[in-house]
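Here is the structure we will look at.
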Ligand code: SIN
Ligand code: FE2
């Protein structure tokens, strides 16, 4: 067989009840996913959103899919249009959907149909403070999170902000899926260390697939 992936085959690591890390699961698709990110951000550029509290986020964000996550003065919401362009968010690239389908099935959440994909871009120093993903109405659906480029330390806690926290390095191609009992677990990303990655340069990218609509 051709040695396309440094001889590394994907493997799974249980993380919590309902949560699993699919190591290197997206490695073979990384180039295609990166092209998708470029396509999406050419229409809806990365921007630093401002939280309701007036804090400018260090992570730059954009979205694709029917719905996109955004901040407003009043809170967080999913909207059909990019508030910056006034246009609908770019469609979710086929390769994004295909990877999400495969990953959710591998993690035991077959049938997950995301309608939103938040794309995060981390430059050195960028971080995401401990938070819950709770703006989605259907908490029966998991979150599928894909890491590309520079490695970052992921924090995964529990239902309460001060529950004990696991820290794990997420590397290029890793996918984390959480749902079920851990769907509302606190999580975050520690400040990105500087570096250069052959595919993504000085950045880390993260895709999170979500079912954000009212559901069918
Ligand atoms: C998120 O919590 O939305 C993103 C997590 C990550 O960047 O890995
Ligand atoms: Fe999150």
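The values are calculated or read from the model by the stated rules, or taken from the named source; none is laboratory data. Owing to the predicted nature of the structure, the values given are computational and were not obtained by experimental measurement. Every residue, glycine as well, gets a Cβ built from its backbone with ideal geometry; the counts of neighbours run over all protein chains shown.
Would you point out which residue out of 199, 130 is under 23 Å from residue 102 (Cβ atoms) and surrounded by fewer than 21 Cβ atoms within 10 Å (Cβ to Cβ)?
Values: 130 fails: under 23 Å from residue 102 (Cβ atoms).
Testing whether each residue is under 23 Å from residue 102 (Cβ atoms) and surrounded by fewer than 21 Cβ atoms within 10 Å (Cβ to Cβ) leaves just 199.
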Run down 126, 141 and say which single residue is part of a loop (DSSP other than H, G, I, E, B), under 14 Å from residue 59 (Cα atoms) and away from ligand 2 (no atom under 12 Å from the Cβ). 126
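When you scan the range 56-82, how many residues do you find that are part of a loop (DSSP other than H, G, I, E, B), at pLDDT 95 or above and farther than 19 Å from residue 92 by Cβ?
Filtering the range 56-82 for residues part of a loop (DSSP other than H, G, I, E, B) gives 57-59, 66, 72-75, 80, 82.
With the extra rule that they be at pLDDT 95 or above, the set shrinks to 57-59, 66, 80, 82.
Among the residues that remain, those that are also farther than 19 Å from residue 92 by Cβ are: 57-59.
Looking only at that region, the number is 3.
Out of curiosity, is residue 139 more than 10 Å from ligand 1 (Cβ to nearest atom) and more than 20 Å from residue 100 (Cα to Cα)? Give the derivation first.
On the way: more than 10 Å from ligand 1 (Cβ to nearest atom): yes; more than 20 Å from residue 100 (Cα to Cα): no.
For residue 139, the condition - more than 10 Å from ligand 1 (Cβ to nearest atom) and more than 20 Å from residue 100 (Cα to Cα) - is not met.
Restricting to the range 142-157, what's the tally of residues that are under 15 Å from residue 189 (Cα atoms) and either away from ligand 1 (no atom under 11 Å from the Cβ) or in contact (Cβ under 8 Å) with a residue 40 or more places away in the chain (or both)? Quick ask: steps written out before the conclusion?
Here is the first cut: in the range 142-157, the residues under 15 Å from residue 189 (Cα atoms) are 145-157.
From what is left, the residues that are either away from ligand 1 (no atom under 11 Å from the Cβ) or in contact (Cβ under 8 Å) with a residue 40 or more places away in the chain (or both) are 145-152, 156-157.
Adding up the residues that qualify gives 10.
Results for (1) more than 15 Å from the chain's Cα centre (by Cα); (2) at pLDDT below 95, shown as yes or no for each residue.
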{"site": "86", "(1), (2)": "yes, no"}
{"site": "89", "(1), (2)": "yes, no"}
{"site": "97", "(1), (2)": "no, no"}
{"site": "103", "(1), (2)": "no, no"}
{"site": "135", "(1), (2)": "no, yes"}
{"site": "155", "(1), (2)": "no, no"}
{"site": "158", "(1), (2)": "yes, no"}
So which strands (runs of 3 or more DSSP E) are wholly in the range 155-216 and hold at least 1 residues that are touching a helix residue (DSSP H, G or I) at 6+ places or on another chain (Cβ under 9 Å) and within 13 Å of ligand 2 (Cβ to nearest atom)? 175-178, 204-210
